[in-house]
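Below you'll find the structure, written out as structure tokens, and then a few comments.
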Amino acid sequence: FLTRLSSSRVSVALASSSEVADIERMLSASGLLKFFQVWAGGDEVSQGKPDPVVFLLAARRLGVAPSSCLVIEDSQAGVTAAHRAGMRVVDVHRGTPLVNGWGGMISRSVYDFDELLEEGFERLIAP
């Protein structure tokens, strides 16, 4: 998925509740660092998810409007935070999709990243 984003020249940020040092260590150790232009960590903001501030910081670092961002999220707090930031949200549920009122916050719900590639990738990343 990240390779496809990179080849499509889509800017990618990571917004996490983890501390920046942990984010950098994990991205580096996993070989994924090259795919992310910026990241924002929980130790850089005053409130954690579901507050939107970590997503807004990531968007600001990318130099893009929050409304042009697509967040891929796997937690209820993250979905809420991204929605509050004014961003489109894809829920990656791994078997337990969000229901009961979450539909208004989610642009799409998928089982995993492969499903994102299979169905309408270009449409998904379009602003």
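Read-outs throughout are calculated quantities, based only on the coordinates presented, and are distinct from any laboratory measurement. Owing to the predicted nature of the structure, the values given are computational and were not obtained by experimental measurement. Because the Cβ atoms are built from the backbone with ideal geometry, glycine has one as well, and the counts that use them run over all protein chains shown.
Counting only helical runs of four or more DSSP H residues, what would the 222 nm mean residue ellipticity of the chain come to if each run contributes -39,500 (n - 2.57) and the total is spread over all its residues? Working shown, then result.
On the way: 6 runs with 47 residues, N = 127.
Estimated from H runs of four or more residues: -10000 deg cm²/dmol.
Quickly work out the residue 18-to-residue 114 label distance, labels modelled 7 Å from Cα along the C-beta direction, and quote it in nm with one decimal.
Going by the 7 Å Cα→Cβ label model, 2.4 nm.
Residue by residue through region 77-89, what is 3J(HN,Hα) from phi via Karplus (6.51 cos²θ - 1.76 cosθ + 1.60, θ = phi - 60°)? Round to whole Hz and write x for glycine and proline.
Working through the residues one at a time gives 4, x, 4, 4, 4, 5, 4, 5, 7, x, 9, 6, 10 Hz.
Find the eigenvalues of the gyration tensor of the Cα atoms of region 13-118, then list the square roots of 5 times those eigenvalues as equivalent ellipsoid semi-axes, largest first, in whole angstrom. Present the calculation step by step, with values, prior to reporting the outcome.
Details: eigenvalues 92, 57, 34 Å².
In descending order the semi-axes read 21, 17, 13 Å.
For region 1-80, which GluC sites (Glu not before Pro) are both in a DSSP coil and crowded by at most 14 other Cβ atoms within 10 Å?
Working: sites: 19, 24, 44, 73; in loops: 19.
Hits after loop and neighbour filter: 19.
In percent, how large is the relative contact order of the chain, given Cα pairs closer than 8 Å and 6 or more residues apart?
Details: 196 pairs, mean separation 24.1, N = 127.
This gives 19 percent for the chain.
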